[in-house]
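Notes follow once the structure below has been shown.
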Amino acid sequence: MTFINYASREINCKIVYYGPGLCGKTTNLQYIFDSTAPQSKGKLISLATETDRTLFFDFMPLELGTVRGFKTRFHLYTVPGQVFYDASRKLILKGVDGVVFVADSQEERMDANIESLYNLEENLQSQGYDLMKIPYVLQLNKRDLTNIIRVEDLAAELRRKGEPVVEAVASTGTGVFDTLKAVAKQVLTELRKS
Amino acid sequence: MPDTPILLREQQYHQIKAVLARLRIDSCAKVVFLVDKDGQEIASLGEVGNLDTTSLASLAAGNVAATGGMAQLIGEKEFPTLSHEGERESIHISVIGRLLLVVVFDDRSSLGLVKLRSKQISQQLSKMFDEIANADNGDLESPFAGITDEDIDSLFS
C-alpha cells in the first residue's frame with residue numbers, strides 16, 4: 001500500500017518477489033543490494049534458516065531518486081518459496097503495490113512454477129487483490145542452465161495478462177534491474193492514474 | 001479489501017509527532033515509532049541515532065503479522081500487545097487498528113509504565129488516524145499526477 005508523506009515529501013511503495021522454492025527470489029534482492037550505492041539502500045534483512053532458505057521474508061528498502069520533489073522509495077520483499085510456508089506468504093502480500101513472479105526455467109521445476117503461480121493468485125485474492133489488476137512482471141530466471149524450457153513455452157504456460165516477461169540470470173544480474181524497472185514503472189503509472 | 005493508500009498532510013504529521021513526543025516523555029522511552037501494519041514507518045521520535053528505523057518498522061510489522069497468525073490459529077482475533085525484553089533494551093508494540101505503536105526503552109523505564117502510557121494514548125492515535133484515513137483529499141495534488149514516462153525512466157538512469 002502506497003504511503004505518501006507530504007511533510008517529509010516521501011513516497012513508499014511495496015514490491016513482493018514471489019515464486020517457487022529455490023527459483024532465485026533472494027538472489028534477485030541480493031544482486032540489487034550488492035549493486036546499489038550505499039546511500040540509496042538500507043540493510044538487507046534476511047530471515048532465513050541455517051541453510052539459507054528463506055524462513056519468513058527478505059527485505060530491503062531502495063531509494064530510486066526524486067520525482068517532483070518527492071523521494072521515491074521501494075520496499076522490496078521476498079516470500080519463502082517452500083510450499084509449507086503458505087501462511088507467511090499470505091502475510092507478506094498485505095499492502096503490496098507490485099508483484100514480480102520469479103519462474104525457474106528448468107524443465108523439472110515447471111510444475112512448481114504452476115503451483116506457485118496458482119498459489120499467488122489465491123493468496124492475492126485472500127488479501128482483496130486481483131492479479132489481473134495489480135502491477136505485475138514475469139521473470140524467467142536461470143536462463144544460463146542447460147535443461148531449460150523455451151521462453152515461448154514458459155510464457156505460454158505462465159503468462160497471465162500480457163505482463164512484461166524478462167529473461168534473467170539473477171546470480172550474475174542479467175535481467176534483475178530490467179525486472180525491477182518494469183514493475184516499478186507500472187507501480188508509478190498506477191499512482192499517476194490515481 | 002486492501003487498505004487505501006495513506007496520504008499524510010504536513011499538519012497531521014506534526015500532530016502525530018507531538019503525540020509521540022508526549023508518550024516518549026511520559027514513558028521515559030528511548031524511541032517511539034508509529035508504523036503501518038504493512039511495515040511502512042509513519043513517524044519516529046527520540047534517540048534514533050544510527051538505528052535503522054526502516055528495517056525496524058518492517059520487522060515489527062512482520063512480528064505482529066506472525067503473532068496475529070498464531071492468534072487466529074488458537075481462536076483469538078489478534079494479540080493486541082507484544083513485548084520483547086532484552087538485557088538492556090526492550091521493545092513494546094501495541095496494535096491500534098491498522099497502526100503499530102512501537103516503544104523502545106531501557107532501564108530508565110519499565111514495561112508497566114510503557115504499557116500504561118501506550119494504552120493511554122492509543123485511543124487518541126486511533127481517532128487521529130481514522131480522520132486521516134477518511135479525509136477528503138480532493139484538494140491534494142498527487143505528486144505523480146503530471147509525471148511523464150521520461151520522469152519514470154530517469155529514476156533508473
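Could you grab me the full set of residues in the range A:137-194 that are of a type in the set (S, T, N, Q), in contact with a helix residue (DSSP H, G or I) (Cβ under 8 Å, 6 or more places away or on another chain) and part of a helix (DSSP H, G or I)?
A:T179, A:T189 - these are the residues of the range A:137-194 that are of a type in the set (S, T, N, Q), in contact with a helix residue (DSSP H, G or I) (Cβ under 8 Å, 6 or more places away or on another chain) and part of a helix (DSSP H, G or I).
Just checking, how many residues over the range B:85-125 are within 20 Å of B:A57 (Cβ to Cβ) and free of Cβ contacts under 8 Å to residues at least 12 places away in the same chain?
1
Quick one: which of A:Q106, A:Q82, A:Q127, A:Q139 is polar (S, T, N, Q) and within 12 Å of chain B (Cβ to nearest Cβ)? Outline the logic, then answer.
Working: A:Q106 fails: within 12 Å of chain B (Cβ to nearest Cβ); A:Q82 fails: within 12 Å of chain B (Cβ to nearest Cβ); A:Q139 fails: within 12 Å of chain B (Cβ to nearest Cβ).
A:Q127 is the lone residue from the list that is polar (S, T, N, Q) and within 12 Å of chain B (Cβ to nearest Cβ).
Go through (1) under 25 Å from B:I132 (Cα atoms); (2) in a helix (DSSP H, G or I) for B:T4 and report which single condition fails.
Here B:T4 meets the rest and fails (2).
Scan the range B:1-38 for residues that are of a type in the set (S, T, Y) and within 14 Å of chain A (Cβ to nearest Cβ) and jot them down.
Applying the first criterion (of a type in the set (S, T, Y)) to the range B:1-38 yields B:4, B:13, B:27.
Selection gives B:T4, B:Y13.
Listed here are the residues, each with its yes/no results for (1) farther than 30 Å from A:Q39 by Cβ; (2) in contact (Cβ under 8 Å) with a residue 40 or more places away in the chain.
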{"residue": "A:D97", "(1), (2)": "no, yes"}
{"residue": "A:E122", "(1), (2)": "yes, no"}
{"residue": "A:S126", "(1), (2)": "yes, no"}
{"residue": "A:I148", "(1), (2)": "yes, yes"}
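Do any helices (runs of 4 or more DSSP H) entirely within the range B:45-157 hold 1 or more residues that are facing another protein chain (nearest Cβ under 9 Å) and surrounded by 15 or more Cβ atoms within 10 Å (Cβ to Cβ), and if so, which? Before the answer, list the steps.
Numbers: elements: B:53-73, B:111-134, B:149-154.
Ranges flagged: B:53-73, B:149-154.
Tell me which residues, restricted to the range A:9-58, are among the basic types (K, R) and either under 17 Å from the mean Cα position of the chain (by Cα) or at negative phi (or both). Let's see the steps before the verdict.
So the first thing to find is which residues in the range A:9-58 are among the basic types (K, R), and the list is A:9, A:14, A:25, A:41, A:43, A:53.
Within the range A:9-58, A:K14, A:K25, A:K41, A:K43, A:R53 meet the criteria.
On the given criteria, is A:D178 within 14 Å of chain B (Cβ to nearest Cβ), free of Cβ contacts under 8 Å to residues at least 24 places away in the same chain and under 26 Å from B:S157 (Cβ atoms)?
On the way: within 14 Å of chain B (Cβ to nearest Cβ): yes; free of Cβ contacts under 8 Å to residues at least 24 places away in the same chain: yes; under 26 Å from B:S157 (Cβ atoms): yes.
Yes: the conditions hold for A:D178.
For the range B:11-31, state whether one or more residues are at pLDDT 95 or above and assigned to a strand (DSSP E or B).
Among the residues of the range B:11-31, at least one is at pLDDT 95 or above and assigned to a strand (DSSP E or B), which makes the answer yes.
The values are calculated or read from the model by the stated rules, or taken from the named source; none is laboratory data. Worth saying up front: this structure is predicted, and the values here are computed from it rather than measured. As a convention, Cβ positions derive from the backbone with ideal geometry for all residues, glycine included, and neighbour counts pool all protein chains shown.
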